[in-house]
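Below is one structure; the comments refer to it alone.
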Amino acid sequence: MNAITIQAHDDNGAGRQCVSRRAFLLSSGAIVSLAGLGIPGLVDAAGTPLQALRATYPRQRIGKLSALAKGKPVHFKYPYPSVDNILVKLGAPAGGGIGVELDVVAFNLQCTHMGGPLHGSYKEAHQMLGPCPLHLTTFDLTRHGMVVAGHGTESLPQIVLEVAGDDIHAVGVMGLIYGYAHNVTGSRRG
Amino acid sequence: MATENNPISFAVYAKDYVPVPPKDAQVLTTACEYCTVACGYKVYRWPVGKEGGVRAGDNALKADLPAGGVMVPWASPSQHNVVRYQGKPHHVLVIPDFAATVVNPGGDHSIRGGTLAQKCYNPENRTSERLLYPMMRVRGTLMPVSWDLATEAMADISKYVLEKYGEHAWGIKMYSYQYFENTYAITKLGMTSIGTPSIAPHDKCSNTNDATGLDDAGVDSFAASYEDWGMAEVCFFSGVDPYETKTTLFTEWIMHGKTPDKKCIFVTPHMTTGVAWGVKNGGIWLPIIPGTDTILHNALARVIIENKWQDQEFIDKWIANSWEVDSGYGRGTRNTGWQWRTTWGTWQSDWGDYQKFILGRDEHKLENAAKITGCKAEDIRRAAELIAKPRPNGARPKTSFMLEKGNYWSNNYMNTTSLSALGLICGAGNRPGRMISRGGGHQRGMVSAGGGPWWMDPEKYPGRRKKSFNLDRWMVDGKLKFAWVFGTTWFAAMMASQELQDAAFRMTRANPHQIGSLDRKAIFETLKARVDSGGMVFVDSDIYPVEPLGTQIADIVLPAATWGEEDFTRCNSERRLRLYSKFYDPPGEAKPDWWAVQKFAHKMGFSSYDWKNSNDVFEEAARFSRGGVLNYHPLAVKAKEMGVKGHELLRTYGTTGIQTPIRVRDGELVGTQRLHDPTNNWGEMEAAEVQSPFMHAFSTHSGKAILLKSPWDFPGWIQFYEAVKPRTAKGEIWVTNGRINETWQSGFDDLRKPYLAQRWPYPMLIVNPADATKRGVESGDFVQVYNDTVYVQTGQPQGVLDADLNFNNLMKEGHIKTTTGQFVAVAIVSDEMREGVAMANFNYPQAPANSVCHAVPDPVTNNYRYKLGRGVLTKVGESPYKKSFTSMSLKPRNII
């Protein structure tokens, strides 16, 4: 097994209410060595009791339209405290976008290939996330998180957003979050 | 608002669940169906109606779900499908082998292999288009028939054609990679039983070698192992970005491996993802003008020789001197594919002569080479330093050289001779981390029964030597009366594609003699009248209806069973042999091609086609692999000793497999990691193995490699190159072609997989912004590429004098005709392309980019110059993808 080194940076500290150990490591600019499978210590779920899945997606206020600056992602957790996402105003209309310009979108931050962290990789000029530090996959945030180049076999899970006045609410997830078999039990099929 | 302007052109809504395999799910090993790397995969199979639990003890993944962290065992929704197994519906997960220690350690994988489950037949999705039963074209429409009638009709007309027109008139166009069992059966039929020279593989017009200059230098194209790429400190990538076409080789062995901080040099007009990564990590992008690689290689050699950076110790030991070049009937230049007398002195050299050649020609000077290649002189010089200059501590850099189709499909012979010479003077070729190899395209799945009557080829080189058979030209000229095509588009894959398919159509559907009833005798009379009136008969074996061969042209279409539907075997590009397990039932009456061949052989009355299963073919073929780099005969022998089937013994090797050629030591099978390595010389053999000299020395008579000269003004090259350059007065630019990471080959599977079809719903054309702006083209526009002068070689020209087969002479003698070609693609405007060069998807039947390329093979090797298309770009209109949010990202590939 090859040791893989990930250098991660933070986009923006705002919106980080609950900093998990993983988020802390990834946002502190630390160089994190991941040696193979399991990676004890990196992930808060490792070694802890299994996460109980929700029956349905919660409705959760994650920010305000008026507080978003173009190209500056805001981090939030959804639908579980261990799941990192960004809310970003792209400056270009996008699939699933909200706001007057339909350019506000939210996406999960774990690569759909092998789970690499996409923190700090937003490319404002192209409205893309990536490259993933593990194997360089990039994602197009104007097209529902579609893989541009690389290996993810799914688009990046997109957080479904609704607007109520100035408030932005997360209300669901399109796509399976890396590492999960079901995002919520209500979506389970046989 | 934006939604009104953004059509839903193609939308797949992402699932947020995937079934969990129960702990008693059956697990089988396989390897990826697609690129040459062949990552190891596991198939989890269990009956519909059950599901595993989220605790590690309750599922077959042995993982708690959700699994926290990265690189954990996980299946995405695209890795699931429901198939039929023993007639009952079963869930399958096809996921990379997370326990793999070779090829794709830890379960790395590509997007193509990662979606393998989606290729399995399931009538609920586009795999419902699979061919389900044999069909015969009746007045234009394909009608179901039995296997018996289909093969009887084939045998009836075959016997007539063989009797009246001879073996030449009966041909095969076949994949060279789709598993040992099938390729052996097909070549046994064609070469041994029928005895025809009219056989060509999927990627060539004739049965010739690929990287011919490597062969002539004595370097096997697949000598390196993935570990070698991992160990290299510097990689020189010629005409290839392995990220796009050999994904896991790049993401595991180039980005990581033993030397993760290696420096990479990329020679390609397209800055793809791997190139951008390489440049960011201290490497170099040499955005070459198509076709000029030879000059670049020679200029690099000149910088190295001028500075005495060559590996003199290696040269003294391993480079043939002039006597050794001439010796025996080995692999010296005089016994290669090119006639020795006519070229004597053109190519061959020794170290002294090679230096004189490199230093004596003006075009090899840095500033001149920069002008011809379009690369910056300082970049060429820096590249020479990286690959050859001893480091401050005196150590030589460990440099490996990879080439692929951008190299040998633009100037087949000279790009490969010049690259092999460059690599050899840098000390590469036979030791760990210092190798010269192809990256590889498809996997290595050819075991040929051999024995073909190549002396019957109508073509010849100047002098006495026979030339390999050009099946395209033979067909266009109306000499082929019966063709059986196995698993290839034929036309889109070859040059001047539209001209080829016009010819095929003219001789089949446009012929007045069309099958009108399914009476066997009536069919024969019709087809007999067809071939006697200038027409021909096509049979197409494939898994899907192939456009236009299967859908419009073939008289008989046969349904093939494929990956996952039969136990098959083959090697990857480091010669690693694995069993590709059968795990579900083929659809309808689909049968593996070896079975179809056997059925036909019985109708022909041929004996010794008595295979009961694919293992029987595997064991019979084993002895035909002896002496080659894919030798697995010792495994078949050992299986027999153990009283087990060959397939079953191989199955025990799982996703690790064993690297061929297989040897035996202390009674155990031992693989061969790299070729030409002197440490492979074990002396005595202990079992039924073959200790071929190429295992521990170079593939020449002397065991030493041969330095080959590559003069830019060689008339067999330069006349063609001058003729096919874009004509700026017409507004033409180079229109080259190739593959990108997210799709494989013609897209036969990928364009039917929901996720990948959404990513690439239509073929692309990547255009530099400067070229696009001049033509009013924006990203998302449909663009036509049109070449009003596509050169096509006609007839089977015979060389007598030296110059006879060069382009100008062929033109003068009436052996070149001109035609036109076009295709339409969706523009992606991006500075990742070099200005003056556009890049299209290769081999997409709906947009045959090869239509604008010239069907005039390299006169030295009979390989086409696939990458040298040209054309005028014209905007057709906006595609729906221009503004769609749901399909076809138009973003650049070089974002790092």
Fill in the blank from the handout: On the formula 1/(1 + (r/R0)^6), with r taken between the Cβ atoms of residue B:613 and residue A:56 and R0 of 51 Å, the FRET efficiency rounded to 0.05 is 0.50
Handout entry: Centroid-to-centroid separation of the range A:115-142 and the range B:353-420 [C-alpha atoms, Å]
Key = 35 Å
Exercise for the section: Set Lys and Arg Cβ to +1 and Asp and Glu Cβ to -1, take the dipole of the protein assembly as shown about its Cα centre, and tell me which of B:551, B:456, B:507 lies farthest positive. Expected result: B:551
Practice task
For residue B:284, list long-range residues whose amide hydrogen, built 1.01 Å from N in the peptide plane, is under 5 Å from its own amide hydrogen.
Solution key: B:264, B:265, B:266
Problem - Taking N as its residue count, the alpha carbon Rg of the range B:212-438 over 2.2 N^0.38 Å - result: 0.95
Handout entry: Above-threshold pairs, the threshold being 32 Å between Cα atoms, out of B:467/B:875; B:42/B:882; A:77/B:582; B:263/B:891
Key = B:467/B:875; B:42/B:882; A:77/B:582
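How do B:121, B:179 rank when sorted from fewest to most other Cβ atoms within 10 Å of their own Cβ? Before the final figure, lay out the partial values.
On the way: B:121 24, B:179 27.
Placing the least packed residue first, the sequence is B:121, B:179.
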Exercise for the section: Could you give the spread of the C-alpha atoms of the range B:715-882 along their three principal axes, from largest to smallest, in whole angstroms? Expected result: 55, 37, 24
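Taking neighbour Cβ counts within 10 Å as the exposure measure, how do B:804, B:831 sort from fewest upward? Can you show the working numbers first?
Numbers: B:804 18, B:831 12.
If I rank by nearby Cβ atoms, fewest first, I get B:831, B:804.
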Handout entry: Cα centroid separation - the range B:142-170 against the range B:836-865, whole Å
Key = 32 Å
Problem - Simple spin-label estimate for residue B:27 and residue B:391 in nanometres, 7 Å along Cα-Cβ - result: 4.0 nm
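Is it possible to state the helix-based mean residue ellipticity at 222 nm for chain B, with each DSSP H run of 4+ residues giving -39500 (n - 2.57), the sum divided by total residues, to the nearest 500 deg cm²/dmol? What is it?
Calculated mean residue ellipticity at 222 nm is -7000 deg cm²/dmol.
Determine the shielding of peptide B:251-260 by partner chains: average, over its residues, the number of Cβ atoms on other chains within 10 angstrom of each Cβ.
Per residue, the average neighbour count from other chains is 3.
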Handout entry: Sequence ranges B:132-139, B:212-219, ranked by mean other-Cβ count within 10 angstrom, highest first
Key = B:212-219, B:132-139
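Take peptide A:129-136, look around each residue's Cβ out to 10 angstrom, count Cβ atoms belonging to other protein chains, and average those counts.
Working: counts 1, 3, 6, 1, 1, 6, 12, 12.
For peptide A:129-136, the averaged partner shielding equals 5.
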Exercise for the section: Tell me the label-point distance for the pair residue B:506, residue B:800, using the 7 Å Cα-to-Cβ offset, in nm and rounded to one decimal. Expected result: 2.8 nm
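I need the Kirkwood Rh of the protein assembly as shown: take the reciprocal of the average 1/r across all distinct C-alpha pairs and report it in angstrom. Show your work: numbers first, answer last.
On the way: mean 1/r = 0.0333 Å⁻¹.
Evaluated over the protein assembly as shown, this radius sits at 30.1 Å.
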Problem - Over chain B, relative contact order from alpha-carbon pairs under 8 Å, at least 6 apart, % - result: 18 percent
Practice task
Can you grab the distance from the C-alpha centre of the range B:469-508 to the C-alpha centre of the range B:191-237, Å, no decimals?
Solution key: 24 Å
Completion exercise
By the mean-Cβ-within-10 Å protection proxy, highest first, B:604-617, B:93-106, B:849-862 rank as B:849-862, B:93-106, B:604-617
Fill in the blank from the handout: Over all Cα pairs of chain B, the Kirkwood radius sets Rh, and Rg/Rh then becomes 0.95
Completion exercise
Exposure proxy check on B:653, B:762: fewest-to-most Cβ neighbours within 10 Å is B:653, B:762
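Each value in this text was obtained by applying a stated rule to the coordinates, not by laboratory testing. Being a predicted model, the structure only gives us computed values, none of them experimental. Every residue, glycine among them, receives a Cβ derived from its backbone with ideal geometry; neighbour counts consider all protein chains shown.
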